[in-house]
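Novice: Once you've had a glance at the structure underneath, I'll fire off some questions.
The values are calculated or read from the model by the stated rules, or taken from the named source; none is laboratory data. Here the structure is a predicted model, which is why all the values come from computation and not from measurement. All Cβ positions, even for glycine, are placed from backbone atoms using ideal geometry, and neighbour counts span all protein chains on display. Ligands, DNA and RNA are stripped out before the accessible areas are found, and what is left, the full protein with its side chains, is counted by its heavy atoms. Shrake-Rupley method; radii C 1.70, N 1.55, O 1.52, S 1.80 Å.
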Amino acid sequence: MQRSSWLRALRTPTGAATALGMLLLLVLAVVGPPLMRDAATTFNTSAIRQGPSGAHWLGTDALGRDVLARIVVATRLSIGLALVSTLIGVVGGVLLGALPVVLGRRAGRAVRAFVDVAVAFPGLLVALSLAVVFGVGARGAVLALGLTAVPSFARLTANLAAGVAEADYVSAARLAGASRGRILVRHVLPNIGEPLVINATIGAGSALLAFAGLSFLGLGVQPPGYDWGRLLNEGLNRIYDAPVAALGPGVAVVLAGVAFSLFGETVAQVVGLRTDSRVKGAVPRLALAGEAQDGAVRAAPRDDLVLDVEDLTVAFPGGSTPVAGVSLRIHRGEMVGVVGESGSGKSLTALAVAGLLPPQATMSARRAEFLGHDVRALDDRERRSLLGTSLAMVFQDPMSSLNPALRVGRQVAEVAEVHLGASRATAAGDAVAKLAEVRIAAPALRAQQHPHQFSGGMRQRVMIAMGLVAQPRLLVADEPTTALDVTVQRQVLALLRRVRDEHGAAVLLISHDVGVIAELCERVVVMYAGRVVEEGPVADVLARPAHPYTRALVESVPDMTTPRTRPLVTITGRPPDPSARPDGCPFAPRCPRAQARCTQEDPPLMAMPGTRAACWFPHLDERAALAAGPVA
Amino acid sequence: MTTLELEQVTVEFGRGARRLVAVRAVDLAVGSGTVLGLVGESASGKSTVAKAVTGLVPVTSGRVLLDGQPLGDLRRRSRAQRRRVQMVFQDPYASLDPRMSIGDSVAEALPQGRRSRSAARGEVAELLGLVGLDADRAQQLPGNLSGGQRQRVALARALAARPDVLVADEVTSALDVSVQGAILNLLRELQERLGFATLFISHNLAVVRYVSDELAVMYLGRVVEQGRCEDVLSAPSHPYTQALVAAVPTTQPRSSPLPVPVEGDVPDPHDQPPGCAFHPRCQVGPRALPERTVCVTTDPQVQAASRRHAAACHFAAVAQEAAPAGR
């Protein structure tokens with residue numbers, strides 16, 4: 001996998017340019033000096049200060065030496081010096097930056113303070129004065145530039161190391177009695193290596209530029225030695241009569257610097273530290289399924305059906321289909337719970353319903369109607385206005401769905417301004433009323449505060465209040481209480497139920513917790529591996545599950561009556577990979593009741609007394625006495 | 001027979017206006033072969049107790065004792081002392097070094113001493129087997145393992161040190177429910193077989209109930225009630241414990257409207273209410289019964305030892321009669 005991602009990087013324009021540039025530099029540095037040293041060093045008094053010609057492409061210098069040859073030969077020295085100074089900077093920086101890990105708390109803090117102060121000095125100025133201190137010449141300049149780079153690498157190392165040092169696995173190693181040195185070598189350094197390598201590469205590029213600068217000023221390489229900076233200096237004297245002699249080394253410096261920086265960027269991209277900044281082509285949110293055009297015929301909404309989705313499939317590039325043929329109907333004022341474990345596709349189903357799938361996902365369905373409108377047939381503006389007013393969404397983490405910089409009242413009011421065209425004043429008044437409705441104490445005062453001044457439970461209420469502004473017909477709540485304390489969880493669930501009772505909005509509650517669904521919902525949909533495996537009234541399904549997965553899910557969760565003497569029911573194995581589902585029933589490999597048929601034929605949802613389940617061998621015996629109830 | 005004791009343990013963070021008392025005067029004791037469950041919501045200080053026991057945070061005042069011997073913070077503990085208290089963390093994706101094979105992670109925790117490479121490998125294989133993992137996975141990196149398998153590795157690493165005390169901090173809250181059961185079963189089985197003392201921390205009362213022999217309930221840095229697990233849960237003394245028990249979701253469908261056992265959120269721990277920290281939310285406190293001013297003026301912790309389950313409530317007996325409906 002690693003190798004293929006490097007190859008893929010090579011095929012991008014940046015990657016190809018980088019590879020080409022680095023290869024060229026390498027060849028010049030290795031082959032240049034032996035091949036062209038003669039031309040670069042031999043005095044030729046008959047050809048002094050010539051302009052560009054066939055024999056000397058970039059002309060000759062004051063002693064008749066070929067300028068191009070000198071630039072090529074100088075590659076090795078220029079790059080070598082830059083690399084050596086970078087090496088000094090990296091080694092010194094890593095040693096200094098890693099010190100706080102090894103030292104005690106107080107000494108470590110002193111080291112970090114020193115590094116912070118050292119970083120504040122302007123680098124080039126320090127390099128200049130150090131170059132004078134160490135004596136003018138290549139060695140002094142290398143030392144100066146290397147030492148100048150130490151503080152910034154030290155700070156980078158210290159910051160990265162501090163992050164790793166707080167990781168639980170370092171705590172565990174400390175508990176196990178590992179020494180500080182061992183923790184540094186075995187745990188900290190391997191985990192901060194990648195960003196350090198990348199920064200060192202980019203640092204080498206800037207060291208190259210800085211070194212050329214020092215040489216140009218006469219503080220770097222001294223005659224008879226020469227690097228690009230030195231050549232630039234010599235060429236500059238003749239800038240008016242032979243500009244190419246100055247431009248040549250300048251171009252070499254710039255190109256090499258760019259090559260190094262690109263190399264760093266490419267490494268970073270492959271390693272995955274920087275996100276790809278290229279804007280992906282706009283992918284339509286909803287791809288039209290081929291046979292979906294009977295929408296016009298059935299335009300009259302069946303008035304008690306809020307949501308009607310049939311055979312919904314959500315696919316991602318690469319053949320992964322985390323939602324594979326889900327049908328979901330929600331009636332007016334109904335509270336439906338979708339339960340499933342991570343990877344079951346329950347959240348993607350909710351996002352698809354709300355038109356919020358990530359751009360790379362494609363959705364198809366035999367039917368996808370919200371309030372009688374085919375959501376796929378709507379244009380962007382129509383969909384926004386329909387979903388924006390009639391559908392409200394509540395997420396697990398209310399902090400990330402609220403804007404931290406805006407006052408809470410403003411954010412609630414904005415909904416009314418955008419979707420209902422209310423004036424600013426009425427919207428603000430309405431916002432306070434909505435906050436009061438979700439039982440936020442002192443709503444007028446709270447409306448003036450920012451989200452960070454609210455507790456988690458209060459933020460979740462604000463999200464619900466925002467949803468209530470436009471009188472929604474459906475409220476989709478994706479794990480709305482998972483981040484909340486249990487006592488607060490009950491408050492939010494009670495609020496959701498009141499929203500239904502007072503506004504008549506249907507609620508689609510997504511949760512991994514069967515208990516939360518049982519508390520709130522009338523109907524439960526059990527999802528496994530991207531499909532619905534059982535569906536029916538909460539009371540029936542949870543008390544007498546027909547599908548073996550539902551049964552295991554209900555029994556594996558301890559509640560306040562679970563006998564302590566017996567082990568909990570467990571499900572062996574793992575759910576199938578969404579890009580490689582087995583034939584037959586997706587639960588068959590983990591199912592204790594599975595038989596040959598289960599691995600060959602995929603069971604559809606079948607009506608059974610009181611429930612519908614996708615299973616060839618359901619737990620029906622226990623249900624036999626149950627009269628067939630109404631099945632949605 | 002090993003006993004871990006916490007004696008009036010207080011842990012503070014920060015200074016001046018930013019000072020935060022995360023744990024206040026906590027007394028706890030757990031002996032080998034028993035599981036002490038520690039339950040509470042956010043800001044209750046239960047994870048800070050775990051860190052104080054393992055020495056990952058220094059104790060501001062009070063003592064952590066192991067068999068009567070005081071344990072300092074981690075820097076003051078000898079290698080042998082460190083080994084005796086081990087911890088399993090909440091997030092198995094953060095508690096294993098992504099660059100280290102799981103076998104090396106487990107081997108790192110083996111007690112010091114001379115052993116050959118193959119002997120160490122044998123011990124690691126045995127430990128992995130103990131937690132139900134294939135020994136030939138020792139060379140794999142954590143990235144190849146599922147959450148449940150990682151948590152098994154973390155358990156094997158903790159057991160490698162042959163601890164006398166195991167601290168389990170929310171070990172199943174990052175896992176899927178079907179995996180949670182397997183980890184809880186494994187923890188109970190190993191605990192019975194190896195007989196170490198366990199401090200089991202969770203916000204999930206049903207999970208704590210299933211695992212624990214003893215139970216301590218924490219609220220805003222204090223233990224407000226403790227006792228035999230079944231006693232506390234069948235007849236909770238403190239109104240907060242009653243609220244917690246009433247808030248546990250059940251698979252029994254509820255009537256409409258849902259009963260809400262307690263209003264409001266956990267207060268900001270930087271700014272704790274005076275008197276009884278629970279009084280602003282208490283269903284039998286001054287919010288409901290204004291004549292109960294003692295809740296605002298006096299800390300109920302003082303007389304706690306004399307009450308049933310050491311309940312930190314002035315009206316523990318009264319509170320019991322007024323248990324909320326809907327349980």
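Novice: Mind checking which residues of region B:197-218 are farther than 21 Å from A:Pro563 by Cβ, within 13 Å of chain A (Cβ to nearest Cβ) and open to solvent by less than 10 Å² (accessible area, probe 1.4 Å)?
Specialist: The answer is B:Val217, B:Met218.
Novice: For region A:561-582, which residues satisfy the criterion of being within 18 Å of A:Glu341 (Cα to Cα), open to solvent by less than 70 Å² (accessible area, probe 1.4 Å), facing chain B (nearest Cβ under 7 Å) and not polar (S, T, N, Q)?
Specialist: A:Leu568, A:Val569, A:Ile571
Novice: Are any residues in region A:539-560 facing chain B (nearest Cβ under 8 Å), open to solvent by 20 Å² or more (accessible area, probe 1.4 Å) and either in a loop (DSSP other than H, G, I, E, B) or closer than 30 Å to A:Ala361 by Cα (or both), and if so, which ones?
Specialist: Across region A:539-560, the qualifying residues are A:Val557, A:Asp559, A:Met560.
Novice: Give me the residue from region B:270-279 that is out of contact with any Asp or Glu (no Cβ under 9 Å at 6 or more places or on another chain) and without any contact (Cβ under 8 Å) to a residue 60 or more places away in the chain and, out of that set, nearest to B:Leu244 (Cα to Cα).
Specialist: Taking the candidates together, the pick is B:Phe278.
Novice: Give region B:149-177 a look and list any residue that's open to solvent by less than 20 Å² (accessible area, probe 1.4 Å), of a type in the set (Gly, Ala, Ser) and either out of contact with any Lys or Arg (no Cβ under 7 Å at 6 or more places or on another chain) or more than 9 Å from chain A (Cβ to nearest Cβ) (or both), or say none.
Specialist: Matches in region B:149-177: B:Ala154, B:Ala156, B:Ala158, B:Ala160, B:Ala168.
Novice: Could you tell me how many of the residues in region A:44-64 are open to solvent by less than 50 Å² (accessible area, probe 1.4 Å), over 16 Å from A:Leu247 (Cβ atoms) and not in a loop (DSSP other than H, G, I, E, B)?
Specialist: 1
Novice: How about region B:1-118: which strands (runs of 3 or more DSSP E) wholly inside it have at least 2 residues that are within 17 Å of B:Ala197 (Cβ to Cβ) and under 19 Å from the mean Cα position of the chain (by Cα)?
Specialist: On the way: elements: B:3-13, B:20-31, B:35-39, B:61-66, B:69-71, B:85-88.
In region B:1-118, B:3-13, B:20-31, B:35-39, B:61-66, B:85-88 are the strands (runs of 3 or more DSSP E) which contain 2 or more residues that are within 17 Å of B:Ala197 (Cβ to Cβ) and under 19 Å from the mean Cα position of the chain (by Cα).
Novice: For region A:422-534, give me every one of the helices (runs of 4 or more DSSP H) that falls completely inside it and has 2 or more residues that are away from every other protein chain (no Cβ under 14 Å).
Specialist: Result: A:424-437, A:443-447, A:456-468.
Novice: Can you say whether A:Gly229 is open to solvent by less than 20 Å² (accessible area, probe 1.4 Å), in contact (Cβ under 8 Å) with a residue 60 or more places away in the chain and on the phi < 0 side of the Ramachandran plot, as far as the supplied structure shows?
Specialist: Against the criterion (open to solvent by less than 20 Å² (accessible area, probe 1.4 Å), in contact (Cβ under 8 Å) with a residue 60 or more places away in the chain and on the phi < 0 side of the Ramachandran plot), A:Gly229 qualifies.
Novice: Another question about this same structure. Confirm whether A:Val507 is within 21 Å of A:Ser342 (Cβ to Cβ), among the β-branched types (Val, Ile, Thr) and in contact (Cβ under 8 Å) with a residue 60 or more places away in the chain.
Specialist: Values: within 21 Å of A:Ser342 (Cβ to Cβ): no; among the β-branched types (Val, Ile, Thr): yes; in contact (Cβ under 8 Å) with a residue 60 or more places away in the chain: yes.
In short, no.
Novice: Search region B:39-55 for residues that are facing another protein chain (nearest Cβ under 9 Å) and farther than 14 Å from B:Arg222 by Cα and pair each with any residue that is among the charged types (D, E, K, R) and not in a helix (DSSP H, G or I) when their beta-carbon atoms are under 7 Å apart and the residues are at least 6 apart or on different chains.
Specialist: Short answer, once both residue conditions are applied: B:Gly55/B:Asp73; B:Gly55/B:Arg77.
Novice: Given the criteria open to solvent by 20 Å² or more (accessible area, probe 1.4 Å), out of contact with any Leu (no Cβ under 9 Å at 6 or more places or on another chain) and more than 14 Å from chain B (Cβ to nearest Cβ), does A:Pro122 qualify? Even if it seems obvious, please write down each step before you answer.
Specialist: Values: open to solvent by 20 Å² or more (accessible area, probe 1.4 Å): yes; out of contact with any Leu (no Cβ under 9 Å at 6 or more places or on another chain): yes; more than 14 Å from chain B (Cβ to nearest Cβ): yes.
Yes; evaluated as a whole, the condition is true for this residue.
Novice: May I pose another question? Show the residue pairs that are 6+ apart or on different chains and have beta-carbon atoms under 6 Å apart, the first residue being within region A:239-253 and open to solvent by less than 20 Å² (accessible area, probe 1.4 Å), the second being among the small types (Gly, Ala, Ser) and in a helix (DSSP H, G or I).
Specialist: Short answer, once both residue conditions are applied: A:Ala245/A:Gly235; A:Ala246/A:Gly235; A:Val253/A:Ala212.
Novice: In addition: Only one residue in A:Val323, A:Val314, A:Val306, A:Val336 is in a strand (DSSP E or B), touching a His at 6+ places or on another chain (Cβ under 9 Å) and open to solvent by less than 40 Å² (accessible area, probe 1.4 Å). Which one?
Specialist: A:Val306
Novice: If you don't mind, another one. State all residues of region A:127-146 that are surrounded by fewer than 21 Cβ atoms within 10 Å (Cβ to Cβ) and either under 24 Å from A:Val197 (Cα atoms) or at pLDDT 85 or above (or both); if no residue qualifies, say none.
Specialist: Across region A:127-146, the qualifying residue is only A:Leu143.
Novice: While we're here: Checking A:Gly163 against (1) under 21 Å from B:Ala94 (Cα atoms); (2) open to solvent by less than 20 Å² (accessible area, probe 1.4 Å); (3) within 14 Å of another protein chain (Cβ to nearest Cβ); (4) not aliphatic (A, V, I, L, M), which test does it fail?
Specialist: (2)
Novice: Take residues that are under 30 Å from A:Tyr226 (Cα atoms), of a type in the set (Phe, Trp, Tyr) and touching a helix residue (DSSP H, G or I) at 6+ places or on another chain (Cβ under 8 Å) and tell me which of the helices (runs of 4 or more DSSP H) falling wholly in region A:77-181 contain 1 or more.
Specialist: A:138-165
Novice: When region B:52-70 is examined, which residues are found to be of a type outside the set (Val, Ile, Thr) and over 18 Å from A:Ala178 (Cβ atoms)?
Specialist: Matches in region B:52-70: B:Ala52, B:Pro58, B:Ser61, B:Gly62, B:Arg63, B:Leu65, B:Leu66, B:Asp67, B:Gly68, B:Gln69, B:Pro70.
Novice: Which condition breaks for B:Arg162 when tested against (1) closer than 14 Å to B:Ile102 by Cα; (2) touching a Phe, Trp or Tyr at 6+ places or on another chain (Cβ under 9 Å); (3) of a type in the set (Lys, Arg)?
Specialist: So B:Arg162 meets the others, but not (1).
Novice: Out of the residues in region B:225-242 meeting the condition of being touching a strand residue (DSSP E or B) at 6+ places or on another chain (Cβ under 8 Å) and open to solvent by 10 Å² or more (accessible area, probe 1.4 Å), tell me which one is nearest to B:Pro261 (Cα to Cα). It would help to see each step written out before you state the result.
Specialist: Taking region B:225-242 first, the residues touching a strand residue (DSSP E or B) at 6+ places or on another chain (Cβ under 8 Å) are B:225-229, B:232-233, B:236-238, B:240-241.
After this cut, where a residue has to be open to solvent by 10 Å² or more (accessible area, probe 1.4 Å) as well, the list is B:226-228, B:233.
Working: B:Gln226: 20, B:Gly227: 22, B:Arg228: 23, B:Leu233: 15 Å.
Restricting to residues being touching a strand residue (DSSP E or B) at 6+ places or on another chain (Cβ under 8 Å) and open to solvent by 10 Å² or more (accessible area, probe 1.4 Å), the top hit is B:Leu233.
Novice: Looking at A:Arg498, is it free of Cβ contacts under 8 Å to residues at least 60 places away in the same chain, basic (Lys, Arg) and open to solvent by 20 Å² or more (accessible area, probe 1.4 Å)?
Specialist: Yes, satisfied.
Novice: Tell me whether region B:181-190 contains one or more residues that are within 11 Å of chain A (Cβ to nearest Cβ) and out of contact with any helix residue (DSSP H, G or I) (no Cβ under 9 Å at 6 or more places or on another chain).
Specialist: Yes, the conditions are met somewhere in region B:181-190.
Novice: Something else: Working only within region B:74-118, note down all residues that are among the polar types (S, T, N, Q), more than 28 Å from B:Val64 (Cα to Cα) and open to solvent by 50 Å² or more (accessible area, probe 1.4 Å).
Specialist: If the condition is that a residue be among the polar types (S, T, N, Q), more than 28 Å from B:Val64 (Cα to Cα) and open to solvent by 50 Å² or more (accessible area, probe 1.4 Å), then B:Ser116, B:Ser118 are the ones that fit.
Novice: Kindly check whether there is at least one residue in region A:587-596 that is assigned to a helix (DSSP H, G or I), open to solvent by less than 50 Å² (accessible area, probe 1.4 Å) and of a type in the set (Phe, Trp, Tyr). Don't jump to the end; show me each part of the working.
Specialist: As a first pass, look at region A:587-596 and keep what is assigned to a helix (DSSP H, G or I): A:588-590, A:596.
Add one more test, that the residue is open to solvent by less than 50 Å² (accessible area, probe 1.4 Å), and what stays is A:588, A:590.
Filter once more, keeping what is of a type in the set (Phe, Trp, Tyr): none.
Looking for residues that are assigned to a helix (DSSP H, G or I), open to solvent by less than 50 Å² (accessible area, probe 1.4 Å) and of a type in the set (Phe, Trp, Tyr), one finds none in region A:587-596, hence no.
Novice: Quick one: A:Ala422 ticks every box in (1) under 25 Å from A:Glu502 (Cβ atoms); (2) more than 33 Å from the chain's Cα centre (by Cα); (3) open to solvent by 60 Å² or more (accessible area, probe 1.4 Å) bar one, so which box is it?
Specialist: With respect to (1) under 25 Å from A:Glu502 (Cβ atoms); (2) more than 33 Å from the chain's Cα centre (by Cα); (3) open to solvent by 60 Å² or more (accessible area, probe 1.4 Å), A:Ala422 is out only on (3).
Novice: Does A:Ala172 qualify as being surrounded by 22 or more Cβ atoms within 10 Å (Cβ to Cβ) and within 14 Å of another protein chain (Cβ to nearest Cβ)?
Specialist: It is true that A:Ala172 is surrounded by 22 or more Cβ atoms within 10 Å (Cβ to Cβ) and within 14 Å of another protein chain (Cβ to nearest Cβ).
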